């Protein structure tokens with residue numbers, strides 16, 4: 001499969017996750033919305049991934065740009081809806097205590113569930129930002145890559161909080177050392 005031509009809106013089939021559509025593109029991975037599995041990040045060179053080529057294409061079939069516009073409209077419309085991400089079992093009903101160095105000041109106690117929800121919302125908004133950046137028509141590929149590096153570094157900064165996630169697939173992932 002030629003990864004260079006795949007863009008947002010491309011339909012794919014994965015042997016493990018089933019059919020899906022590319023909703024975001026990163027340097028080495030695709031964000032794919034699978035019908036039965038939700039959004040997953042899949043390596044571009046995953047051998048279990050195949051492009052679905054429509055048969056009997058006629059002039060009445062939407063063009064890729066029309067498909068992209070429709071998909072972007074849906075993403076903007078449902079941008080506030082986030083994926084359900086489970087908190088790690090050991091943190092459920094827990095609290096986070098922020099203790100000032102000055103003992104005369106009161107500590108701040110925050111339910112971990114509330115903090116976790118805000119963290120997941122930040123991650124979801126970063127993903128939407130990344131999708132909009134990748135789909136932006138006014139930026140050159142070089143500009144997109146340069147801006148994408150900042151998003152990757154933000155993910156890397158947030159990896160400290162991966163301990164809160166129940167499933168590894170929801171973790172923040174920054175730059176990987178080769």
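The values are calculated or read from the model by the stated rules, or taken from the named source; none is laboratory data. Everything numeric in this text was worked out from a predicted model, so none of it was measured. We place every Cβ from the backbone using ideal geometry, glycine too, and count neighbours over all the protein chains shown.
The rows are residues; the columns are (1) surrounded by fewer than 13 Cβ atoms within 10 Å (Cβ to Cβ); (2) in a helix (DSSP H, G or I); (3) free of Cβ contacts under 8 Å to residues at least 60 places away in the same chain.
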position: 119; (1), (2), (3): no, yes, yes
position: 123; (1), (2), (3): no, yes, yes
position: 131; (1), (2), (3): no, yes, no
position: 137; (1), (2), (3): yes, no, yes
position: 147; (1), (2), (3): no, yes, yes
position: 151; (1), (2), (3): no, yes, yes
position: 154; (1), (2), (3): no, yes, yes
position: 157; (1), (2), (3): yes, yes, yes
position: 161; (1), (2), (3): no, yes, yes
- [ ] Output yes when any residue across the stretch 136-155 is farther than 21 Å from residue 8 by Cβ, outside the structural domain of residue 7 (by TED's automatic domain parsing) and out of contact with any helix residue (DSSP H, G or I) (no Cβ under 9 Å at 6 or more places or on another chain), and no when none is.
- [x] yes
Open item on the list: For the stretch 99-117, give me the residue count where each residue is exposed (fewer than 13 other Cβ atoms within 10 Å of the Cβ) and in a helix (DSSP H, G or I).
Closed with: 1
